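*Asks:* Right, I'll just put the structure down here and ask away after.
The values are calculated or read from the model by the stated rules, or taken from the named source; none is laboratory data. This one's a predicted model, so the numbers in the text were calculated from it and none came from an experiment. Here the Cβ is made from the backbone with ideal geometry for all residues, glycine too, and neighbour counts use every protein chain on show. When the accessible area is computed, the model is the full protein with side chains, heavy atoms only, and any ligands, DNA or RNA have been set aside. Shrake-Rupley method; radii C 1.70, N 1.55, O 1.52, S 1.80 Å.
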Amino acid sequence: MTDTKVQLASQEWFELASKILAEVAQEFGEDDFQLSVCEVFIDPPKEIADEDGTMSWCFYIDGKNTRCERGNSKDVDLYMEGSWDPADARQILTPDYLEEQAKNPTPSEDPNLMIEGDLERLPPWMIEFHNRIALYTA
């Protein structure tokens with residue numbers, strides 16, 4: 001791994017996120033589980049934006065295997081759009097934080113937040129993925 005922080009949604013972040021997702025899936029994935037997800041960052045800095053002004057990536061989980069690609073696709077189980085927000089991406093999801101959010105959810109103030117699909121399909125180990133990549137996200 002790297003000791004260096006990488007900019008959220010940059011090419012370096014995508015490569016690191018892909019690697020970490022593969023590691024976490026190998027560690028925690030279940031053989032009969034499949035899920036496809038597309039995450040779209042709205043209004044990232046121009047130097048990391050795609051030609052449409054966003055940064056998108058999709059990942060596909062098939063048991064303990066993953067495949068990641070840059071680009072936008074609605075042909076997935078879960079499609080999420082949200083504002084480019086490094087603070088949210090760096091938030092470590094501790095059990096106390098998650099318990100507090102379950103009891104008193106913080107309403108999203110993100111005008112770009114849009115979710116299509118069932119968030120409940122995300123495996124519990126996605127929290128581990130998030131926390132690992134959060135440590136490297138600038």
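*Asks:* What is the residue count in segment 93-138 for residues that are among the aliphatic types (A, V, I, L, M), closer than 20 Å to residue 5 by Cβ and part of a helix (DSSP H, G or I)?
*Replies:* The qualifying residues number 2.
*Asks:* Looking only at residues that are under 16 Å from residue 129 (Cβ atoms) and of a type in the set (Phe, Trp, Tyr) in segment 14-51, which one is least open to solvent (accessible area, probe 1.4 Å)?
*Replies:* Ranking the candidates gives 14 first.
*Asks:* Return the residue satisfying two criteria in turn: it lies in segment 55-76 and is surrounded by 15 or more Cβ atoms within 10 Å (Cβ to Cβ) and without any contact (Cβ under 8 Å) to a residue 24 or more places away in the chain, and of such residues it is nearest to residue 113 (Cα to Cα).
*Replies:* That would be 56.
*Asks:* For a quick check of your reading of the model, give me the residue pairs whose first member lies in segment 77-89 and is touching a residue at least 60 places away in the same chain (Cβ under 8 Å), whose second is open to solvent by 60 Å² or more (accessible area, probe 1.4 Å) and not polar (S, T, N, Q), with beta-carbon atoms closer than 8 Å and at least 6 apart or on different chains.
*Replies:* 84/43
*Asks:* Cβ-Cβ under 7 Å, sequence separation 6+ or interchain: first residue in segment 106-135 and open to solvent by less than 80 Å² (accessible area, probe 1.4 Å) and modelled with pLDDT of 95 or more, partner among the charged types (D, E, K, R) and in a loop (DSSP other than H, G, I, E, B). Which pairs?
*Replies:* What qualifies is 117/77.
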